[in-house]
Amino acid sequence: MFLLLPFDSLVVNLLGISITVLFTLLLVFIIVPAIFGVSFGIRKVYMKTLLKIFQWATLRIERGAKEKNHPLYKPYVNGIIAKEPTSLEEEIKEIRRSGSGKDLDTPEFELSDIFYFCRKGIETIMDDEVTKRFSAEELESWNLLSRTNYNFHYISLRLTVLWGLGVLIRYCFLLPLRIALAFTGISLLVTGTTVVGYLPNGRCKEFLSKHVHLMCYRICVRALTAIITYHDRENRPRNGGICVANHTSPIDVIILASDGYYAMVGQIHGGLMGVIQRAMVKACPHVWFERSEVKDRHLVAKRLTEHVQDKSKLPILIFPEGTCINNTSVMMFKKGSFEIGATVYPVAIKYDPQFGDAFWNSSKYGMVTYLLRMMTSWAIVCSVWYLPPMTRQCDEDAVQFANRVKSAIARQGGLVDLLWDGGLKREKVKDTFKEEQQKLYSKMIVGNHEDRSRS
C-alpha cells in the first residue's frame, strides 16, 4: 500500500469533489431536463450573449478596415451575374434582331445563335449554381471562428485577445463537456435499447422504447449546444407516413428525432455505428439494408411499402436529396420514396450559420473531423417547420409529386429551389442534361418550319 502525503491527499480530495460537482451539474441541468423534455433557458441566454459579442466584433472589424483602407469581403447572396428568367427562344430571337436583323421566321441555323450557348456556358463557369451548394456559406458578420469569414485578419489587440479567449473556452471547456455528453447519450442509447429489446412486444415496450430514444437524442442535442425552434408541431409526422426533409448535415437526424419518434432507414454499417444500429432495431422496427440490397430499388421499395402499410409502425424518416447541401438551397429529390403511395409529411430545416456551420462537406472532411468542428463551434442554432401532410394527386407522377414537396420545403425554409441532382457533387453531368438543350434548340428551329409549312 502506498501512503499519500498530506498535499497529495488534498489534491485527490479536490479532484474527487470537482468530478462529483461536475456530474451533479450534468445530471441536474442536462440529463434530467433531457428525460422530461424541458429546458431552463440557459442556452438561449448563452445565444443572446454571443450575438452581442459577435455584433461588437463585426463593428470593430469594419471600423478597423476603414481606418487601414482594407476592402471588406461581401458575399454575393444571389450570384455574381444578374440574370432574368427568359426562354431560349426569346434570347435567340433578341440576338438575331441585334445582329443580322433576322427573326425566327428563317428555319435555317444562324451563326449568331452560337453566342447564346457561349454566353450560357461562360455564365455557368463564372457563377455555377450547383458547385457552390457544396461549400460552406460565407458569413457577412464574424463569429470569432477563423474558418467562417474572409475578413478574418489582425485588427486590434483587444479583438485578438477576445478571439484567443474564445479558442480556450471552445477547446478547453466546451469540447470536453460535449464529448462527455455525447458519450453519455450514445452509451444510454445502446444500453437502454438493448434492455428494452428483451421485453415482450406490447404497449409497455413501445412506451419505454419511445422515451429511451427521445431522452438519448435530447442528450446528444445538448452535446452540440443545439438551440432548436420547432414550428407547427400539430403537423408532426404520424404512424404509417413518410417524413421527408432537406438535408444539410448528419445531425439532421438528431434534430428531428429529439422531437419525434421515427423509424430510421439506412445501410447497415460496421464498428460503433453498427453496434448502435443493432441495439436500436431490437427496441423498435427500423429499416436497415445490407450493402448488397441498397442498389436493388425494387427490394427497397417493397420493404418501405410493407412498413408504411402497417399503420401501427412509426413514420419513416428519409432525406430524398441523398447528400448534404450547404443550407442555402434544396436540390432534386429522388423519386423512390414518392412512389410508395404513403402520406408524406414535409419538414423544412434551416440552420443559423452565425453560431456554427452545420453543413458537412463530405468531399473535404471525414466524419471525425466534421464532428470535431461541430463540437468546437459556439452552438448549433436552427429552426424546424412541420408542413401540412401531402398526398400524391391522381394526375401526378412520382417526379411531379417530389418536386411539389420540394418546392413547399424550399419556400417555407427560405431556400433556393434547384432542379439539379445532388449526385453532381461526385459525378459528371449526365448526357441527358446536354441533350435537353439540343432538343429545345432543334424543336425551336424545326417547330417554326413546320408551323409555316402548315400555314
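Residue pairs whose Cβ atoms lie under 8 Å apart, separated by 6 or more positions or on different chains, with the first residue in segment 214-230 and under 16 Å from Lys350 (Cα atoms) and the second among the acidic types (Asp, Glu), are Ile228/Asp259; Tyr230/Asp259.
For segment 322-349, filtering for residues that are in contact with a strand residue (DSSP E or B) (Cβ under 7 Å, 6 or more places away or on another chain) and among the acidic types (Asp, Glu) leaves 0.
Contact map, segment 170-196: residues that are in a helix (DSSP H, G or I) paired with residues that are open to solvent by less than 30 Å² (accessible area, probe 1.4 Å) and of a type in the set (Phe, Trp, Tyr), Cβ distance under 9 Å, separation 6+ or inter-chain. Pairs shown: Arg170/Trp378; Leu174/Trp378; Gly185/Tyr217; Leu189/Tyr217.
For every residue, the table says whether it meets (1) modelled with pLDDT of 90 or more; (2) assigned to a loop (DSSP other than H, G, I, E, B); (3) under 21 Å from Leu181 (Cβ atoms).
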residue: Leu224; (1), (2), (3): no, yes, yes
residue: Ile228; (1), (2), (3): yes, no, yes
residue: Gly240; (1), (2), (3): no, yes, no
residue: Cys243; (1), (2), (3): yes, no, no
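I'd like the full set of residues that are part of a helix (DSSP H, G or I), open to solvent by less than 70 Å² (accessible area, probe 1.4 Å) and out of contact with any Leu (no Cβ under 7 Å at 6 or more places or on another chain), limited to segment 372-382. Of everything in segment 372-382, just one residue is part of a helix (DSSP H, G or I), open to solvent by less than 70 Å² (accessible area, probe 1.4 Å) and out of contact with any Leu (no Cβ under 7 Å at 6 or more places or on another chain), namely Arg373.
Check segment 65-72 and report whether any residue there is at pLDDT below 65, farther than 30 Å from Ala180 by Cβ, among the polar types (S, T, N, Q) and open to solvent by 50 Å² or more (accessible area, probe 1.4 Å). Scanning segment 65-72 turns up no residue that is at pLDDT below 65, farther than 30 Å from Ala180 by Cβ, among the polar types (S, T, N, Q) and open to solvent by 50 Å² or more (accessible area, probe 1.4 Å).
Among residues of segment 246-278 being of a type in the set (S, T, N, Q) and more than 18 Å from Lys334 (Cβ to Cβ), the one that is farthest from the chain's Cα centre (by Cα) is Gln277. Within segment 30-50, the set of residues being at pLDDT 75 or above and in a helix (DSSP H, G or I) comprises Val32, Pro33, Ile42, Arg43, Lys44, Val45, Tyr46, Met47, Lys48, Thr49, Leu50. Of the residues making up segment 336-353, one or more are at pLDDT below 90, buried (at least 18 other Cβ atoms within 10 Å of the Cβ) and of a type in the set (Gly, Ala, Ser). I'm told Glu290 meets every condition in (1) within 24 Å of Glu206 (Cβ to Cβ); (2) at pLDDT below 90 except one. Can you identify the failing condition by its number? Here Glu290 meets the rest and fails (1). Where residues in segment 301-332 are touching an Asp or Glu at 6+ places or on another chain (Cβ under 8 Å) and open to solvent by 10 Å² or more (accessible area, probe 1.4 Å), which of them is nearest to Ile255 (Cα to Cα)? Of everything passing the filter in segment 301-332, Phe319 is nearest to Ile255 (Cα to Cα). Note on segment 215-270: among residues that are polar (S, T, N, Q) and touching a Pro at 6+ places or on another chain (Cβ under 7 Å), the one that is surrounded by the most Cβ atoms within 10 Å (Cβ to Cβ) is Asn235. Looking across segment 356-370 at every residue that is modelled with pLDDT under 85 and in a loop (DSSP other than H, G, I, E, B), the one that is most open to solvent (accessible area, probe 1.4 Å) is identified as Lys364. As a summary of the residue check, Trp385 satisfies the conditions (1) open to solvent by less than 30 Å² (accessible area, probe 1.4 Å); (2) among the aromatic types (Phe, Trp, Tyr); (3) at pLDDT 90 or above except for the one numbered (1).
The values are calculated or read from the model by the stated rules, or taken from the named source; none is laboratory data. None of the values given here were measured: they were computed from a predicted structure. Glycine gets a Cβ as well: all are built from the backbone with ideal geometry, and neighbour counts include every protein chain shown. For accessibility, only protein heavy atoms count, side chains too; no ligands or nucleic acids. Shrake-Rupley method; radii C 1.70, N 1.55, O 1.52, S 1.80 Å.
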